[in-house]
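The values are calculated or read from the model by the stated rules, or taken from the named source; none is laboratory data. Given the structure is predicted, the values throughout are model-derived calculations rather than measurements. All Cβ positions, even for glycine, are placed from backbone atoms using ideal geometry, and neighbour counts span all protein chains on display. Calculation scope for accessible area: heavy atoms of the full protein, side chains included, ligands and nucleic acids excluded. Shrake-Rupley method; radii C 1.70, N 1.55, O 1.52, S 1.80 Å.
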Amino acid sequence: MKKQKEHSYSPISRQNFIKKAAMATVAGTSALVASCRKESSGGSGPAIQNRKTYRWNMVTTWPPNFPVLGDGCNALAKFVEEASEGQMKINVYGGGELIPALEVFDAVSTGTAELGHAGSYYWAGKAEATQLFSTIPFGMNAQEMNSWMLFGGGVDLWRELYAGFNLIPFLAGNTGVQMAGWFNREINSLADFKGLKMRIPGLGGKVLTQVGGTAINLPGGDLYTSLERGVIDATEWIGPYHDYLMGFHEIAKYYYAPGWHEPGSTLEMIVNKQKFDALPNNLQRILEAAATRLNMLSLAEFDKQNAIYMEKIKAETKVEVRFLPQDVMDGLRSATRDIVQDLISRDAFSARVYESFIQFKGRADDWMNYTEKAYYNLIST
Ligand code: CA
């Protein structure tokens with residue numbers, strides 16, 4: 001795809017790099033001068049008044065105005081309208097407003113809605129490989145996921161898979177590392193997962209089952225009462241901000257870190273292929289920019305709010321915030337290998353995606369050892 005090319009990595013020699021760097025400075029200056037001239041040459045002309053306008057619907061898997069994600073879609077719509085000077089207007093719908101939350105994929109695929117916002121792991125029932133584009137337990141964090149997706153071939157595989165469903169996916173959000181969840185049972189060894197009923201979706205849920213627990217999938221609205229009444233012993237949700245708003249600190253004893261099962265869940269903007277292809281180039285670029293913008297803003301907002309609410313949970317509630325012990329993590333990691341092995345042995349596309357993912361991860365993790373990890377170790381001592 002043409003737009004992909006701009007993100008692909010092309011090796012350049014040191015000499016060329018220096019030459020390009022010098023030219024960029026000059027080009028930067030002249031671009032600045034040009035943009036100043038343009039601004040002073042008068043506002044929008046008649047061309048803008050004659051443009052065809054577009055009124056699109058965006059369906060999402062989030063409750064209406066859901067903090068960060070639903071709000072982020074509202075902000076995306078506002079950005080698109082302003083950046084296009086009114087040429088495109090997007091109406092954003094929460095799950096259940098126009099269609100049920102888990103019908104977003106089909107609705108955009110068939111063109112019932114032009115746009116959607118979701119997490120690709122919701123669509124494992126359509127194609128198992130979809131979940132690998134969202135997150136893999138013990139997989140890559142947000143920084144690495146963005147790098148793999150945009151520069152390591154992840155998006156190309158994602159688009160290839162979604163083309164079969166008449167969809168074009170764009171990166172459009174990341175939660176960062178989530179929390180392992182809320183427990184009313186201490187987890188001191190892997191054996192403590194035996195018989196544990198926990199709400200944990202996706203591959204993480206399969207891993208829990210592998211170590212003797214029972215993964216239960218419940219909609220967000222049922223979680224509080226299910227945990228309160230002991231229907232479940234534990235639940236994961238997102239991170240301190242959203243979890244606090246759900247009130248889990250009122251009914252759970254332990255809040256375990258970190259979210260081994262969702263180390264950097266990527267969210268998606270999906271667009272109906274025909275509708276996207278029929279857009280004028282400027283609107284295609286604006287939509288692309290809007291998704292990239294949301295991808296960055298959501299992670300920044302998650303990190304800000306989660307930090308505030310973690311502090312709040314520790315200061316204002318009786319909940320014990322703990323880390324899962326290392327041997328528990330080792331056991332979960334080993335079970336994850338079995339689950340992933342099973343997936344890639346029966347699904348050829350998943351095998352292709354995982355191969356790309358795991359190769360990229362090996363290199364990225366090594367680099368992180370010298371940088372992010374070394375730096376955090378440095379400042380935390
Ligand atoms: Ca989660």
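With respect to (1) in contact (Cβ under 8 Å) with a residue 60 or more places away in the chain; (2) not in a loop (DSSP other than H, G, I, E, B), the lone exception for Lys52 is condition (2). For first residues located in segment 144-165 and assigned to a loop (DSSP other than H, G, I, E, B), partners that are of a type in the set (D, E, K, R) and lie 6+ apart or on another chain with Cβ distances below 8 Å form the pairs Phe165/Lys126.
All but one of (1) surrounded by fewer than 20 Cβ atoms within 10 Å (Cβ to Cβ); (2) part of a helix (DSSP H, G or I) hold for Glu97, so report the exception by its number. Only one criterion is unmet by Glu97, namely (2). The C-beta contact set for segment 355-381 (first residue in contact (Cβ under 8 Å) with a residue 60 or more places away in the chain, second residue open to solvent by less than 90 Å² (accessible area, probe 1.4 Å) and not aliphatic (A, V, I, L, M), distance under 6 angstrom, 6+ apart or interchain) comprises Ser356/Gly153; Phe360/Trp148; Phe360/Gly152; Ala364/Glu144. For segment 234-251, a residue qualifies if it is open to solvent by 10 Å² or more (accessible area, probe 1.4 Å) and away from the ligand (no atom under 15 Å from the Cβ), and the qualifying residues are His249, Glu250, Ile251. When Gly173 is tested against (1) surrounded by fewer than 19 Cβ atoms within 10 Å (Cβ to Cβ); (2) touching a helix residue (DSSP H, G or I) at 6+ places or on another chain (Cβ under 6 Å), only condition (1) is not met. Checking each residue in segment 268-301 for being within 23 Å of Tyr122 (Cα to Cα), in a helix (DSSP H, G or I) and among the aliphatic types (A, V, I, L, M) picks out Leu287, Ala290, Ala291, Leu294, Met296, Leu297, Leu299.
In summary, strands (runs of 3 or more DSSP E) completely within segment 194-267 and bearing 1 or more residues that are within 30 Å of Asn295 (Cβ to Cβ) and without any contact (Cβ under 8 Å) to a residue 60 or more places away in the chain occur at 197-199, 214-216. Look at segment 271-300: where a residue is open to solvent by less than 60 Å² (accessible area, probe 1.4 Å) and a partner is of a type in the set (D, E, K, R) and not in a helix (DSSP H, G or I), sitting 6+ places away or on another chain with Cβ atoms under 6 Å, you get Asn272/Glu114. On the given criteria, is Asn91 farther than 22 Å from Ala300 by Cα, free of Cβ contacts under 8 Å to residues at least 40 places away in the same chain and not in a loop (DSSP other than H, G, I, E, B)? It is true that Asn91 is farther than 22 Å from Ala300 by Cα, free of Cβ contacts under 8 Å to residues at least 40 places away in the same chain and not in a loop (DSSP other than H, G, I, E, B). Considered as a group, the residues in segment 244-282 that are within 30 Å of Trp56 (Cα to Cα) and of a type in the set (Val, Ile, Thr) include one that is nearest to the chain's Cα centre (by Cα), and that residue is Thr266. Restricted to segment 218-233, and to residues there that are modelled with pLDDT under 95 and in contact with a helix residue (DSSP H, G or I) (Cβ under 7 Å, 6 or more places away or on another chain), the residue that is most open to solvent (accessible area, probe 1.4 Å) is Leu218.
For segment 101-139, the set of residues classified as within 19 Å of Trp56 (Cβ to Cβ) and of a type in the set (Phe, Trp, Tyr) consists of Phe105 only. Restricting Ile187, Ile200, Ile168 to those that are within 16 Å of the chain's Cα centre (by Cα) and at negative phi reduces the list to Ile168.
Collect the residues in segment 123-143 that are among the aliphatic types (A, V, I, L, M), outside any helix (DSSP H, G or I) and either surrounded by fewer than 24 Cβ atoms within 10 Å (Cβ to Cβ) or out of contact with any Lys or Arg (no Cβ under 7 Å at 6 or more places or on another chain) (or both), keeping them in residue-number order. Across segment 123-143, the qualifying residues are Ala124, Ala127, Ile136. So which residues in segment 184-202 are open to solvent by 10 Å² or more (accessible area, probe 1.4 Å), within 12 Å of the ligand (Cβ to nearest atom) and either among the small types (Gly, Ala, Ser) or modelled with pLDDT of 95 or more (or both)? Matches in segment 184-202: Arg199, Gly202.
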